[in-house]
Structure formats: C-alpha cells, structure tokens
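The values are calculated or read from the model by the stated rules, or taken from the named source; none is laboratory data. Fair warning: this is a prediction, and the values are worked out from it, not measured in the lab. FYI the Cβ positions are ideal-geometry reconstructions off the backbone, even for glycines, and counts take in every protein chain you see.
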Amino acid sequence: MTVTKTKLNHCFIIEPKVFDDQRGYFFESYNKTNFEKETGLNPDFIQDNEAYSTKGTLRGLHFQKGEYAQAKLVRVTQGEVLDVAVDLRPDSSTFKEYISIELSAENKKQLFVPRGFAHGYIVLSNTAVFNYKCDNVYHKPSEGGIIYNDTTLNIDWILDEETFIISDKDKILPSINDLF
C-alpha cells in the first residue's frame with residue numbers, strides 16, 4: 001500500500017496495491033501491521049459501517065465529541081464520492097482547514113480521518129456504497145456537526161447546490177465559528 005500525508009496532520013490517503021489479472025482483481029483493503037508501520041498510528045477499529053446513497057446526497061459534516069470521538073478509515077466500494085475532512089483540533093496547526101478527495105470503486109483510494117475531525121461526503125455518481133471503519137462506538141449525545149455550506153470553510157462540493165439531498169438534521173447544523 002502507498003500512504004500519502006495530506007496537508008492535515010495525521011490525515012492520510014491510503015492506496016492499496018491492486019493485483020489485476022484475467023479473473024479480475026485482488027487487494028488487501030486493510031492490514032493493521034502495515035497501517036501502523038506506514039502512518040505511525042494505532043487505531044483500534046471496532047466497527048464497520050456501510051451507507052448506500054444516490055447522486056447529490058450530502059452526508060455531513062459530522063463528528064463525535066470527547067471520549068466518543070472517532071477515527072475513521074473510509075472508502076467507496078461502488079460509485080464515486082467527494083470526501084471531506086475538517087480539522088477541529090484547536091491545538092493543531094491545521095485547525096479549521098479541510099481537504100477533499102474523490103474516492104471511488106475505481107480508484108480504490110481510502111482516507112484515514114483521525115479523531116477530532118469532522119467528516120462528510122457527497123455522492124457524485126448515480127449511486128454509491130460508502131464503507132468505513134470506526135475506532136469508537138456511536139454515542140448520540142456526543143454527536144456534533146458543521147453546516148455543509150459554512151462560509152469560513154467554503155467547501156467546493158462540485159455539484160450544483162440545488163441538486164443536493166440533505167437530511168433535515170444536517171440543514172440546521174451550526175457554522176464552525178459558532179462552535180469555536
């Protein structure tokens with residue numbers, strides 16, 4: 001696997017080594033030993049989640065606070081999304097900065113999103129299946145979020161905002177400056 005540092009501290013792009021032949025392909029989607037060696041991090045993933053969504057679905061920007069903060073290793077197994085991670089760690093040199101990356105079944109890239117980050121994505125293809133590993137359990141009282149169209153972050157979600165499909169809950173999230 002190839003691990004690439006992003007501009008955000010402890011946030012990495014993971015590209016697996018893919019073995020193609022006449023039968024199809026094979027790749028190792030996660031190897032704890034190799035992940036730790038390449039990143040210097042040791043998350044203990046305890047849960048895998050999957051979401052199916054249609055084009056224009058925007059999920060995020062979500063995070064969990066305090067002892068329920070979660071690190072995630074995210075990937076797409078069908079379709080394509082624009083994935084976004086926002087550094088919410090006040091002591092970080094990249095506090096209130098974000099990265100975005102296109103993840104797809106075709107490119108097989110993954111993004112490691114550390115604890116202390118908000119995360120979200122928008123579906124670019126007709127449909128997408130989004131998978132992610134978490135290193136902590138979901139705890140509803142600890143959930144938080146940032147509005148997708150936050151003017152401080154100014155995220156380019158690629159698609160026309162009029163086509164977005166957003167949950168009622170995500171439409172009323174606060175701005176990043178209301179949180180910090």
Report task. Return the pairs, sorted by first residue and then second, in which the second residue is acidic (Asp, Glu), the first residue lies in the stretch 153-180 and is within 20 Å of Arg89 (Cβ to Cβ), the beta carbons are less than 7 Å apart, and the residues are 6+ apart or on different chains. Result -> Ser175/Asp150; Ile176/Asp150
**Report entry** Those residues of the stretch 135-144 which are surrounded by fewer than 19 Cβ atoms within 10 Å (Cβ to Cβ) and not hydroxyl-bearing (Ser, Thr, Tyr), in sequence order
**Finding:** Asp135, Val137, His139, Lys140, Pro141, Glu143, Gly144
Report task. Kindly establish whether Asp156 is within 17 Å of the chain's Cα centre (by Cα), more than 18 Å from Glu67 (Cα to Cα), surrounded by fewer than 18 Cβ atoms within 10 Å (Cβ to Cβ) and modelled with pLDDT of 95 or more. Result -> yes
Report summary line: Going through the stretch 1-52 in order, the residues found to be of a type in the set (S, T, N, Q), touching a Phe, Trp or Tyr at 6+ places or on another chain (Cβ under 7 Å) and in contact (Cβ under 8 Å) with a residue 40 or more places away in the chain are Thr6, Thr39, Asn49
Query raised in the report: In the set Ser125, Ser104, which member is over 20 Å from Gln64 (Cβ atoms), polar (S, T, N, Q), surrounded by 15 or more Cβ atoms within 10 Å (Cβ to Cβ) and under 15 Å from the mean Cα position of the chain (by Cα)?
Result: Ser104
Report task. Give the residues of the stretch 82-97 that are closer than 28 Å to Thr54 by Cα and touching an Asp or Glu at 6+ places or on another chain (Cβ under 7 Å), sorted by residue number. Result -> Leu82, Asp87, Glu97
Query raised in the report: In the stretch 107-122, which residue that is farther than 19 Å from Phe180 by Cα and of a type in the set (Phe, Trp, Tyr) is surrounded by the fewest Cβ atoms within 10 Å (Cβ to Cβ)?
Result: Phe112
Query raised in the report: Is it the case that some residue within the stretch 151-158 is of a type in the set (Val, Ile, Thr) and at positive phi?
Result: yes
Query raised in the report: From the residues in the stretch 38-55 that are assigned to a strand (DSSP E or B) and of a type outside the set (A, V, I, L, M, F, W, C), which one is farthest from the chain's Cα centre (by Cα)?
Result: Thr54
Query raised in the report: Any idea which of Leu58, Leu73 is touching a strand residue (DSSP E or B) at 6+ places or on another chain (Cβ under 8 Å), assigned to a strand (DSSP E or B) and farther than 15 Å from Gln110 by Cα?
Result: Leu58
Query - Residue check, Asp87 buried (at least 16 other Cβ atoms within 10 Å of the Cβ) and acidic (Asp, Glu) - result: yes
